[in-house]
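Here's the structure, in structure tokens; my notes come after.
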């Protein structure tokens, strides 16, 4: 029930402005409480940090070099995230 309410709030926020692509509520310990995000990628000078939803209580975090083949990383990460979610 709580997740549905929070999800509805995020859906309303996401629809409130064309420039909002997605949103999330993150707990103080860094876990996604509710999210319209399946994955987040942050690009830095030396590479990438990739965060992928892996079930209600987990976020898979990957640090990749700037030369990384991101398609292969996302493919493997997607499989891993599904396995993590199923194991929890």
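Could you grab the relative contact order for the chain? Cα pairs under 8 Å, six or more apart, rounded to a whole percent.
For the chain, the relative contact order is 19 percent.
Dividing the convex hull volume of the alpha-carbon atoms in the chain by its residue count gives 115 Å³ per residue. Can you pull the one-decimal nm distance between simple spin-label points at residue 58 and residue 41, each 7 Å off the Cα toward Cβ? According to this spin-label approximation, the distance is 2.2 nm.
Per-residue ellipticity at 222 nm computed for the chain from its helices equals -12500 deg cm²/dmol, with DSSP H segments shorter than 4 residues left out and the rest contributing -39,500 (n - 2.57). Cβ-to-Cβ counts within 10 Å put 36, 27 in ascending order as 27, 36, the fewest first.
Taking all Cα-Cα distances within the range 38-88, those exceeding 17 Å account for 31%.
So what's the angle, to the nearest 10 degrees on a 0 to 90 scale, between helix 70-87 and the longest Cα principal axis of the chain? Roughly 50 degrees, rounded to the nearest 10. Distance between the modelled labels on residue 23 and residue 85, one decimal in nanometres: 2.2 nm (7 Å Cα→Cβ projection).
No value in this document is a laboratory result; all are computed from the given coordinates. Worth saying up front: this structure is predicted, and the values here are computed from it rather than measured. Glycine gets a Cβ as well: all are built from the backbone with ideal geometry, and neighbour counts include every protein chain shown.
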